[in-house]
Structures are given as C-alpha cells and as structure tokens.
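Novice: The following block contains the structure, expressed as structure tokens.
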Amino acid sequence: MSKHTVKTIQAMRDNNETITMLTAYDFPTAKKVNDAGIDMILVGDSCAMVVHGHPNTLTATMDMMVLHCGSVARACDRTMVIADMPFGSFQYSIEDTMKNAARFVTEAGVDGVKFEATPNHIEKTKAVVQMGIACVGHVGLHPQAVGALGGLKAQGRDIDSARKVVSEALALQEAGVFAIIFEAVPEKLSDYVTKKLSVPTISIGGGPKCSGQLLVTPDVLGMYDNFTPSFAKQYVNMGQMMTDTFTLYAKEVKEGVFPAKEHSYGMSDEVLDMIIKEFGEI
Ligand code: KIV
C-alpha cells in the first residue's frame, strides 16, 4: 500500500473508517508502527517527557524535534508522519512559524505539522497551510499551556470552555487544517463537533465518536510511568519485560553463561602460537 496523504485520511473519515494514530520518536519504534498498519504517527513534543524525562513538554526544542522527526520519517513508507511544533516555535511571529514548519519538511522529511494553535495563532496556521504544508490542529487540553491551566486537566466541561473548543475547531477548519486532534474533552462535545466539521477529528481522551484515535506509544507499551493520563490504555507491560530481561542478562554475565561459544569469534592455533612467540608466554 502507498503512503497515506491528506486525501486518503479524508476518504477514511468520509467512509466511516476509523483512523488509527500513535506517537513515535525513533526509527525502530516508528518502523513497527508503520509495519502494524497504523495510519498516522505524531512525533509529539511529549518526547520531552517520555524520551528525555522532563516533567512537561515545554522543554522540547526545534532541534530536538527535527532530530526525532527525521528518524521516524525514514522508517515510514506507509504511515503519514506529523511533526509537533514545540513551544516557542509558533508563538512569536508568522515568519518564525513558517520557517520552523519548513524545517520539519526540508530537514526531517515529515508529511505535515501539528500545532496547539489557539485563536491567537489562526493567522499562523493559515500561513503554513498556504505554504503547501499539511497542517493538523489541536483543541481541548493544550499541554504547552500547563502553566496557565494549572495542570493537565480535561477541557470543555463548562460552557465557556466548551464554547472555546467548538469555536477553535471551526476556526482551524476554516484556516485549512486537514484534521483536528481533540485532547481530554468530553465525549458528547467531541461527538457534536465531529458531526459539525467536515475534516477528520482524532481523539486522545476525546471519546470513541471521533474519526480516529491517538495514544502516546510509551503509555500503550507500559514504558513510561512518571505520568499516565486516565484516558491512556496500557496494552502490554514492556517496561517490566525490559527490567526482567536486563536482570537475566546481568545474571548470565556474572555466572559466565553469556557469552557462549556461538557468541565468540574463532582463531587458528597457528596464529595464537605466532602471537605467543612474538609477545611471550603468560
Ligand atoms: O505531544 C503529544 O504527544 C501530543 C498528543 C498528546 C496530542 O501533542
């Protein structure tokens, strides 16, 4: 199958075929996600937390994100790869936003960019769309606003917050984004907006009625336990499997079980004799 594009993702939504999306930050994981037939990858600024161990996403930089995006993009021949614009990459000016979005395309080879654009950034979203770059919007919980929000909390539960989610989604569609991520918003609200919009909606904590679903891969794999949102589902405990594996490796090394003969290189006795002659007996 050829690579997903804005057209195939829109067609999935129009045909009521649920879109699958996961995050990835490195080549081997992205390859597995691609090979599993997942439709889209987000190289999220969540990498600041789940890969680099920071307490929130605010420390992700353009250089960090471009490096991760390149590794992911090189692994994907089917999955559409979306780069997350980190904090500070689109807040200052339209020109900065355009240059940073272009870096993701030219230096990393991604298929599109996403930003946590509030109404203040609609003009910047439009400018990037007009450059010909596929853009994804993001409404509801904006983790980059963790300071102003006072924590990573669900959004859209009261009238003011719900109105904000609806109007931002409509404005983003108007600006030309090809999909919108709904993070941590009530199911009833994302259902309502999904029906109102013509572009696909992708839920991460936005309930089952969106056009697609997204999870943070280390949450799915049980690889990150510093912070787990209530909407995340762990499918396997790879973190525990890794600890068990490393413990077994250490035991085998200490007991002389590893390396075995098949893990070592051979050499003729003649060569060894010559070495002993040259450098002396032990
Ligand atoms: O960085 C990220 O992984 C994200 C998702 C949580 C939407 O922005």
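The values are calculated or read from the model by the stated rules, or taken from the named source; none is laboratory data. Quick caveat, the model's predicted, so the values are computed rather than measured. Cβ sites come from the backbone with ideal geometry, for glycine too, and all protein chains shown count toward neighbours. Remember, those area values only see protein heavy atoms, side chains included, never the ligands or the DNA or RNA. Shrake-Rupley method; radii C 1.70, N 1.55, O 1.52, S 1.80 Å.
Novice: Please list, in chain and number order, the residues 5+ apart from residue 137 or on another chain whose amide H is under 5 Å from its amide H, with Hs placed from the backbone.
Specialist: Long-range HN contacts for residue 137: 178, 179, 180, 181.
Novice: What's the angle, to the nearest 10 degrees (0 to 90), between helix 159-175's Cα axis and the longest principal axis of the chain?
Specialist: So the inclination is approximately 80 degrees.
Novice: At 7 Å along Cα-to-Cβ for each site, give me the label-to-label distance between residue 120 and residue 192 in nm.
Specialist: Label at residue 120, label at residue 192, 2.6 nm between them.
Novice: What ³J(HN,Hα) values, in whole Hz, does the Karplus curve 6.51 cos²θ - 1.76 cosθ + 1.60 give for the range 11-17 when θ = phi - 60°, with x put for Gly and Pro?
Specialist: So the J values, rounded to whole Hz, are 5, 4, 4, 5, 9, 6, 9.
Novice: Okay, next question. Take peptides 72-85, 158-171 and line them up by average Cβ neighbours within 10 Å, highest first, as a rough protection proxy.
Specialist: The densest-packed peptide leads the list: 72-85, 158-171.
Novice: Which of the peptides 52-64, 174-186 is most tightly packed, and how do the rest follow, judged by the mean count of other Cβ atoms within 10 Å per residue?
Specialist: Ranked from most to least packed, the peptides come out as 174-186, 52-64.
Novice: For residue 95 and residue 3, what is the calculated FRET efficiency with R₀ set at 35 Å and r taken between the beta-carbons, to the nearest 0.05?
Specialist: Approximately 0.70, to the nearest 0.05.
Novice: For the range 35-103 and the range 106-126, write down the distance between their C-alpha centroids in whole Å.
Specialist: Each part's Cα centre sits 11 Å from the other's.
Novice: Now for a separate question. Which value, in Å², gives the accessible area per residue of the range 21-78 when a 1.4 Å probe is used on the protein heavy atoms?
Specialist: 39
Novice: Ok, one more. Compare the peptides 135-146, 250-261, 203-214, 91-102 by average per-residue count of other Cβ atoms within 10 angstrom and give them in order, highest first.
Specialist: Result, highest mean first: 135-146, 203-214, 91-102, 250-261.
Novice: Using only Cα atoms, tell me the angle between helix 94-103 and the longest principal axis of the chain; keep it within 0 to 90° and round to the nearest 10.
Specialist: That helix lies at roughly 30 degrees to the long axis.
Novice: Need the full-extension length gain, residue 158 to residue 232, defined as separation in residues times 0.36 nm minus the C-alpha distance. One decimal, nm.
Specialist: 24.4 nm
Novice: Continuing with this model, one more query. Of 193, 203, 229, which is farthest on the positive side of the dipole of the range 131-252, counting Cα position, with +1 on Lys and Arg Cβ, -1 on Asp and Glu Cβ, and the Cα centre as origin?
Specialist: The residue sitting most towards the positive pole is 193.
Novice: Rounded, prolate or oblate: which fits the range 39-101 when a ≥ b ≥ c are the square roots of the eigenvalues of the alpha-carbon gyration tensor, with rounded for a/c under 1.5 and prolate only if a/b beats b/c?
Specialist: Since a/c reaches 1.5 but b/c is at least a/b, the shape of the range 39-101 is classed as oblate.
Novice: Quick one: dipole size for the range 6-236, taken about the Cα centre, charges +1 on Lys/Arg Cβ and -1 on Asp/Glu Cβ, in debye to the nearest 20.
Specialist: 360
Novice: Here's something else I'd like to know. Using each residue's phi in the range 114-119, evaluate 6.51 cos²θ - 1.76 cosθ + 1.60 at θ = phi - 60° and report the 3J(HN,Hα) Karplus result to the nearest Hz, with x for Gly and Pro.
Specialist: With coefficients 6.51, -1.76 and 1.60, one gets 10, 9, 7, 7, 8, x Hz.
Novice: Let me ask another. In whole Hz, with x marking every Gly and Pro, tabulate ³J(HN,Hα) for the range 146-153 from phi via Karplus 6.51 cos²θ - 1.76 cosθ + 1.60, θ = phi - 60°.
Specialist: For the range 146-153, the Karplus curve yields 3, x, 5, 7, x, x, 8, 10 Hz.
Novice: Still on this structure, please answer the following. Taking the alpha-carbon distance from residue 7 and a cut-off under 20 Å, which lysines remain once sequence neighbours fewer than 8 residues away in the same chain are dropped?
Specialist: 114, 126, 195, 196
Novice: A follow-up question, please. Sort the range 6-236 into rounded, prolate or oblate with this rule: let a ≥ b ≥ c be the square roots of the eigenvalues of the Cα gyration tensor; rounded if a/c is under 1.5, and if a/c is not under 1.5, prolate when a/b is larger than b/c, oblate otherwise.
Specialist: rounded
Novice: With charges only on Cβ, +1 for K and R and -1 for D and E, what is the dipole size of the range 1-102 about its Cα centre, in debye, rounded to 20?
Specialist: 260
Novice: Considering only protein heavy atoms and a probe of 1.4 Å, how much of the accessible area of the chain is carbon and sulfur, as a whole percent?
Specialist: Carbon and sulfur together cover 57 percent of it.
Novice: Also: With r defined as the distance between the Cβ atoms of residue 252 and residue 67 and R0 fixed at 30 Å, what FRET efficiency is calculated, to the nearest 0.05?
Specialist: According to the calculation, E is roughly 0.30.
Novice: Return the whole-Å distance between the Cα centroid of the range 219-282 and the Cα centroid of the range 160-175.
Specialist: Taking the Cα centre of the range 160-175 as reference, the centre of the range 219-282 is 51 Å away.
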